[in-house]
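The values are calculated or read from the model by the stated rules, or taken from the named source; none is laboratory data. Keep in mind the model is a prediction, meaning the values are calculated, not measured. Glycine also receives a Cβ, built like all others from the backbone with ideal geometry; neighbour counts cover every protein chain displayed. Side chains included, ligands, DNA and RNA excluded: accessible areas come from the protein's heavy atoms. Shrake-Rupley method; radii C 1.70, N 1.55, O 1.52, S 1.80 Å.
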Amino acid sequence: MGTGTVRTPQDDGAADLGREQRGWYFYDWACSVYSTSVLTVFLGPYLTSVAESAADADGYVHPLGIPVRAGSFFAYSVSLSVIVAVLVMPLVGAAADRTGRKKPLLAAAAYTGATATTAMFFLDGDRYLLGGALLVVANAAQSVAMMLYNSYLPQIAPPEQRDAVSSRGWAFGYAAGSLVLVINLVLYAGHESFGISESTAVRICLASAGLWWGAFALIPLRRLRDRRSTAHVAPLPGFRQLAATVRDMRRHPLTLAFLLAYLVYNDGIQTVISQASVYGSEELGLGQSTLIGAILLVQVLAVAGALTMGRLARTYGAKRTILGSLVAWTMTLAAGYFLPAGAPVWFFALAAGIGLVLGGSQALSRSLFSHLVPPGKEAEYFSAYEMSDRGMSWLGPLLFGLTYQLTGSYRDAIISLVGFFVIGFVLLARVPVGRAIREAGNPVPDRI
């Protein structure tokens, strides 16, 4: 690992930075549609139905000769995509820092993901293997691209602007996700009036997310600039690069302490997101239209929540604001435990609570981590952050499933997740953020 000088945001003019920041927001606008429409709403049920149509009499499909229950194929494909991303991200991150050429790598990852998503239009009949392959490629590419996208934050925003810039990026993403999801749901719900089958409507929704991703990715790729680093980092193969990244991070234990806290409370956040619809349908007896409406409400309110928490961070600092959001998450889950069955209005109230803290807690976590990254190693360190965000969120679903298995109650399962927010709160509260920033070699903002 070598050292070198890296251009900082202060070296660039305010007008140039503003132009880059506005371009940066549009990558979230471009790619969040994939997360919302494809992963959250349409692909899971549809790919499962395709796998079931290809299954044998016992309900199994046989990719590469391995017997797999058709109902598990989507989950296994997501897991495989995470493994691929975890192996690729450190390599790409180190290459981006070594060469300073993030933009070509971002373009390659974005258009690989967008192309794979667009190709999901051809996922029909019993082509479950095609669907699994496209999901692995798209999901891994999305993770790599998000890692590169996040690593621009320290370079396009001075320390005092990062909370606001990160929050606006999240708000752009949730706004795009809401807009396209509404359009998709109109097409899906009214497919007969449009003269198409339900299957065709779903495939159009999937492909449209890829086209949207590719079209709007042009904006950040035109506006973001590469900043060549003079740091010299020897390229390493495969697992050696991942190990080298981890070894380097051990030289910054306070940065690792923040990542541990983030890993814990983000595991809770991701589990709530993935299991809330199960809780609503199985425990509260709510219909699909109610659940989809709640997803939309979360998306819309997350825009306001991200912007509001960004403003709160200017007054109270990012760390205190995140800690406050973890208290709000705990209170929301506690309220969810007592929700009456068959009462959509209270489930919408729960969704509103989630939406208001979801975007802000994620946006401020990203901006706070950006202060803890040593200059010149943004992409490499954000690969570890992205792995914490996407690759390590397995303990929450496991605890949720085990609690339900032992108690037979989804209410007990949902309240069990409170521990992630309590432990995450304690771990984050113990991190001396100012000292962590100084030890990373960065200036400490007036309010952090």
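Using a 10 Å cut-off on Cβ atoms, rank the peptides 344-353, 181-190 from the highest mean neighbour count down.
Ranked from most to least packed, the peptides come out as 344-353, 181-190.
Can you compute the modelled spin-label distance between Arg435 and Leu395, with each label point 7 Å from Cα toward Cβ, in nm?
About 2.4 nm separates the two model spin labels.
Accessible area per residue for the range 261-392 in Å², computed with a 1.4 Å probe and the full protein assembly in place, what is it?
Per-residue accessible area for the range 261-392 comes out at 33 Å².
Out of Pro397, Gly190, Leu323, whose Cα points farthest toward the positive end of the dipole of the chain (charges: +1 Lys, Arg; -1 Asp, Glu; placed on Cβ)?
Highest projection toward the positive end goes to Leu323.
Please work out how much accessible surface Leu129 shows to a 1.4 Å probe, ignoring ligands, DNA and RNA, in Å² rounded to 10.
100
Just to confirm the number: angle between the C-alpha axis of helix 344-371 and the first principal axis of the chain, 0 to 90 degrees, nearest 10?
30
Taking the Cα centre of the chain as origin, work out the dipole magnitude from +1 charges on Lys and Arg Cβ and -1 charges on Asp and Glu Cβ, in debye rounded to 20.
Dipole size: approximately 1740 debye.
Top mean-square fluctuation among Val33, Val180, Val303, Gaussian network model of the chain, C-alpha springs under 10 Å?
Looking only at Val33, Val180, Val303, the biggest GNM fluctuation is shown by Val180.
Near Lys103, which aspartates and glutamates are there with a Cα under 20 Å away, not counting those fewer than 8 places off in the same chain?
Here the aspartates and glutamates satisfying the reach criterion relative to Lys103 are Asp11, Asp12, Asp16, Glu20, Asp28, Asp226, Glu378, Glu380, Glu386.
Relative to the present Cα-Cα distance, how much length would full extension add between Ala243 and Arg311 at 0.36 nm per residue of separation? Show your work: numbers first, answer last.
Values: separation 68, 0.36 × 68 = 24.48 nm, distance 3.79 nm.
Extra length from Ala243 to Arg311 when fully extended: 20.7 nm.
Using the basic label-point model (7 angstrom from Cα toward the beta carbon), what is the Ala335 to Asp126 distance in nanometres?
4.9
Treating the angle as unsigned and between 0 and 90°, give the value, to the nearest 10°, between the Cα long axis of helix 288-316 and the longest Cα principal axis of the chain.
The helix 288-316 is inclined about 20 degrees to the chain.
Please build a GNM for the chain, connecting alpha carbons under 10 Å apart, and tell me which residue among Leu297, Leu356, Leu130 fluctuates the most.
Between Leu297, Leu356, Leu130, it is Leu130 that shows the largest mean-square fluctuation.
Grab the DSSP H runs of the chain that are 4 residues or longer, score each as -39,500 (n - 2.57), total them, divide by all residues and round the 222 nm result to the nearest 500 deg cm²/dmol.
Only helices count here, giving -24000 deg cm²/dmol.
What ranking of Asp446, Asp58, Asp248 comes out by heavy-atom accessible area, probe 1.4 Å, highest first? Present the calculation step by step, with values, prior to reporting the outcome.
On the way: Asp446 170, Asp58 115, Asp248 5 Å².
Result of the area sort, largest leading: Asp446, Asp58, Asp248.
Show Phe26, Phe400 ordered by accessible area, largest first, where the area counts protein heavy atoms only and the probe is 1.4 Å. Mind showing how you got there, number by number?
On the way: Phe26 55, Phe400 10 Å².
In descending accessible area the options line up as Phe26, Phe400.
Using only Cα atoms and rounding to the nearest 10 degrees, what angle (0 to 90) does helix 128-151 make with the longest principal axis of the chain?
Here the helix axis deviates by roughly 30 degrees.
Please sort 117-123, 62-68, 402-408, 315-321 by packing, taking for each peptide the average over its residues of neighbouring beta carbons within 10 angstrom, highest first.
My ranking of the peptides, most packed first, is 117-123, 315-321, 402-408, 62-68.
If only Cα atoms are counted, what is the Rg of the range 45-139, and what is its Dmax, in Å?
Using the Cα atoms of the range 45-139, the pair Rg, Dmax is 15.9, 54 Å.
Using a 1.4 angstrom probe with every protein chain in place, what is the largest-first accessible-area order of Arg162, Arg98?
Descending accessible area places them as Arg98, Arg162.
Work the Kirkwood hydrodynamic radius out for the range 91-167: mean of 1/r over every pair of different alpha-carbon atoms, inverted, in Å. Before the final figure, lay out the partial values.
Numbers: mean 1/r = 0.0712 Å⁻¹.
It works out to 14.1 Å.
Report the full-extension gain for the segment Ser49 to Leu260: residue separation times 0.36 nm, less the Cα-Cα distance, to one decimal in nm.
72.2 nm
Can you give the extra length, in nm with one decimal, that the chain gains between Ala215 and Ile415 once fully stretched, where that is 0.36 nm per residue apart less the Cα-Cα distance?
My answer for the length gained is 67.9 nm.
Leaving out same-chain residues fewer than 8 places away, which lysines sit with a Cα under 18 Å from that of Lys319?
Partners within reach: none.
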